[in-house]
Structure formats: structure tokens, C-alpha cells
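Shown next, in C-alpha cells, is the structure this report addresses.
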Amino acid sequence: MARAVECTLEVAYADDATARAVRDALAPDDAGYVRSRAEGPRLVAEMAADTPMQLLHTVEDYLACLAVAERAVHAAKG
């Protein structure tokens, strides 16, 4: 992911299973723009872009998808 601008987001969850479930829900949207992994109870997402504005758009899109994934995982747990 050698690009001019990079960002790493880390989100902590209550447990490993939640971090993995959120990562799995986000995986289809990661293609080419984001590399994400679960590290214990944390979700780590690495993003890169050619310009700061492109990175801003990638981060905004990722955060919107993250919010939906978190709601879905929470609803699935009951």
C-alpha cells in the first residue's frame, strides 16, 4: 500500500469475537483501499491514498460502513 498519505485507525471492542465479527462485516468493502485485521479485541484498519482529500473520503466512507457493521453485529448478538 505504498501511497503518499496513510492512516491507521484502531477501534477497541469488549471482546475478540466482536472485533472479528465487525472486521468480517467490513471485509467486502475493503478491496483496494483498506487493510483491516482483528488483533484481540481491537480492529485495526490501515488506509492509504495519493492525496489527503482522497484519504479523507476513504476514512469517511470507512467510518460510515463501520457504524453500520457495529449496529449489525450488536443486533445479531441480541
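Once both labels are positioned 7 Å from their Cα atoms along Cα-to-Cβ, the gap between Ala64 and Val44 label points is 2.8 nm.
Shown here: the chain, whose C-alpha atoms stretch 41, 21, 17 Å along the first, second and third principal axes, sorted largest to smallest.
Distance between Cα centroids, the range 3-27 to the range 28-71: provide it in whole Å. Here the two parts' Cα centres lie 7 Å apart.
Each stretch of four or more DSSP H residues adds -39500 (n - 2.57); spread over every residue of the chain, this sum gives -18000 deg cm²/dmol at 222 nm. Each residue in Leu55, Leu63 was given a count of other beta-carbon atoms within 10 angstrom of its own, and listing them fewest first yields Leu63, Leu55.
Where a number appears in this text, it was derived from the coordinates with a stated rule and is not lab data. For clarity, every value in this text was computed on a predicted model and none was experimentally measured. Note that each Cβ is placed from the backbone with ideal geometry, even for glycine, and that neighbours are counted across all protein chains shown.
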